[in-house]
Every structure is written in structure tokens, then in C-alpha cells.
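Notes to accompany the following structure.
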Amino acid sequence: MNIDIVTIFPEYFAPLDLSLLGKARRGGLLDLHVHDLRGWTHDRHRTVDDTPYGGGPGMVMKPEPWGEALDAVVPSGTAARLIIPTPSGRPFTQALAAEYAAEPRLVFACGRYEGIDSRVAADAATRMPVDEVSLGDFVLAGGEVAVLVMVEAIARLLPGVLGNADSVADDSFAPGAMESLLEGPVYTKPPVWRDRPIPEILLSGHHGAIARWRRDEALRRTARVRPELLARLAPGDLDAHDREV
Ligand code: 6GU
């Protein structure tokens, strides 16, 4: 997969050299490039923002550098999906991460200040699919951290990036049996720590009973911290035993 990120703060993306993602990049599974938006400015101050039409607080990112940047990063005749992080976008979910992980090429445009002049997305949409995407109902100072989050969520779904392919299937929000359920508690050695034993069932060796227990714990946790997720389950998603939990 190919990912391009356009930003006025390329340094924000240094962590993408580390850990799982760094390994995926060095191994050729992820071809990721970060571009400085100011490279497409032409004035002495390398200006990327200006005051908003209609008044109001803050600054808006100017369309010209963005237009040139996107023309250069996505030359006409090449295909890419453009993602613009913004708190006013559609929600980023595990399903959307999976959809993006299946794309050959993604471009992220990081806005700062009050956002990017809206004509940039409209102009880009004449050449490529454009998604405005939000991480949730809170406001970040810019799109950079949101892009770090999205790239990590996407890249770990690429074939060969995670060591253990099973771990993706068991994730909270993973499609399948755990969809709309939060993962329950996990334990490792020692069996007793500060007078706290691990749940006995995990030592039983009964794989069926352990799977049942894990599902019960996931149901209980979901009911406690995210009751609206349980309400979203389709009628056939809960069996008689689930209903007792
Ligand atoms: Cl994607 N961007 C910004 N700037 N703030 C956010 C966000 C994105 N998602 C939640 N808050």
C-alpha cells in the first residue's frame, strides 16, 4: 500500500519509523511519504493561511498551496483516495479502517487552524474520491495526530504487518463474532499477583468454556461502558446464553 501525507509539520510523523509501522515500511509492505505543504508556497514567508471570509476567529488554510500539492502528489491519470481529517467529518471506525486498508493508494491532507478552504475538497473530488473523516466528538489542534491514529489502524490490517494474524480477528470492533463488542480482560503470568489470582477458568484447559467465558466478559464490559453498542446488535447476534449474561 502507498500512503502520502501532506502537512505543515512533517516532524509529527517521526513515530511512523518505529515499531510495527517502521518494520512494515522497511519490509516494503507500506510505502509512506510525508510532504511539507510549504514546499508549494511561493512567497517569502511561505504563507499557508489567511483570515476567514465572513469574519470570525482563527485562520483558514489557503487553497493555492493545497491545490498545487495535491496536483503534484496525485498527478492526473493516477488513482488515489483523499482523506481529510476534520472534527466535522464522518466517523472513523474499524470498518472504515478495513475499507482503507484494501485501497492501493491513500493521501492524507492535514489541516490546521480552522481548516482548509472548502474549495480544495470540492476541486479534488472532481478527480478522486474524497472523505472528510473524524476520530470522534472532540477537537484536536490539527489533523496530524488524527492521521497518525488512522495510519496505525489501517497499516496493522495489511497482510503481513502483524505477526499473529489471529489477533486482528479478536479485536474489539473486528467484523464477525466480536463486532460491536469490547474485548474483555486479559491475563498473563504469574497466576497470583499481589493476592489477585487470575480467573480459574483460564487454567481449565477447556477451550469451549474459555471462549464462552471470554464472550460473557465482553458482553458484561460492553453493557457497562458502551451500552449503546449492545443496542446496535442485530437480533440474531445474541444467543440464549448471551441474553442471560
Ligand atoms: Cl480527524 N481532526 C481534528 N482536527 N480534530 C479532530 C478530529 C480530526 N477528530 C476528532 N477531533
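For residues in segment 95-116 being more than 15 Å from the ligand (Cβ to nearest atom) and open to solvent by 30 Å² or more (accessible area, probe 1.4 Å), which is farthest from Leu37 (Cα to Cα)? Among residues in segment 95-116 that are more than 15 Å from the ligand (Cβ to nearest atom) and open to solvent by 30 Å² or more (accessible area, probe 1.4 Å), the one farthest from Leu37 (Cα to Cα) is Ala95. Report yes if some residue within segment 46-54 is open to solvent by less than 60 Å² (accessible area, probe 1.4 Å) and small (Gly, Ala, Ser); otherwise report no. No.
Looking only at segment 75-83, decide whether some residue is in contact with a helix residue (DSSP H, G or I) (Cβ under 6 Å, 6 or more places away or on another chain) and either open to solvent by 60 Å² or more (accessible area, probe 1.4 Å) or over 16 Å from Ala155 (Cα atoms) (or both). Taking every residue of segment 75-83 in turn, at least one turns out to be in contact with a helix residue (DSSP H, G or I) (Cβ under 6 Å, 6 or more places away or on another chain) and either open to solvent by 60 Å² or more (accessible area, probe 1.4 Å) or over 16 Å from Ala155 (Cα atoms) (or both). When Arg81 is tested against (1) among the basic types (Lys, Arg); (2) within 16 Å of the ligand (Cβ to nearest atom); (3) modelled with pLDDT of 95 or more; (4) more than 20 Å from Asn2 (Cα to Cα), only condition (4) is not met. Which one is nearest to the ligand (Cβ to nearest atom) among residues in segment 136-147 that are hydrophobic (A, V, I, L, M, F, W, C) and surrounded by 19 or more Cβ atoms within 10 Å (Cβ to Cβ)? So, considering only residues that are hydrophobic (A, V, I, L, M, F, W, C) and surrounded by 19 or more Cβ atoms within 10 Å (Cβ to Cβ), the one nearest to the ligand (Cβ to nearest atom) is Ala146. Annotation: Arg90 fulfils all but one of (1) closer than 18 Å to Leu30 by Cβ; (2) within 11 Å of the ligand (Cβ to nearest atom); (3) open to solvent by 70 Å² or more (accessible area, probe 1.4 Å); the unmet one is (1). In segment 205-245, the qualifying residues are those that are assigned to a loop (DSSP other than H, G, I, E, B) and at pLDDT below 95, and the one that is most open to solvent (accessible area, probe 1.4 Å) is Arg232. Does Pro175 meet the test of being part of a loop (DSSP other than H, G, I, E, B), on the phi < 0 side of the Ramachandran plot and open to solvent by less than 60 Å² (accessible area, probe 1.4 Å)? When the stated conditions are applied, Pro175 does not pass them. Does Arg196 fit the bill of being open to solvent by 60 Å² or more (accessible area, probe 1.4 Å) and without any contact (Cβ under 8 Å) to a residue 12 or more places away in the chain? So Arg196 fits the description; yes.
The values are calculated or read from the model by the stated rules, or taken from the named source; none is laboratory data. These numbers were taken from a predicted model, which means no experiment stands behind them. Here Cβ is always computed from backbone atoms with ideal geometry, including for glycine, and neighbour counts include all displayed protein chains. When the accessible area is computed, the model is the full protein with side chains, heavy atoms only, and any ligands, DNA or RNA have been set aside. Shrake-Rupley method; radii C 1.70, N 1.55, O 1.52, S 1.80 Å.
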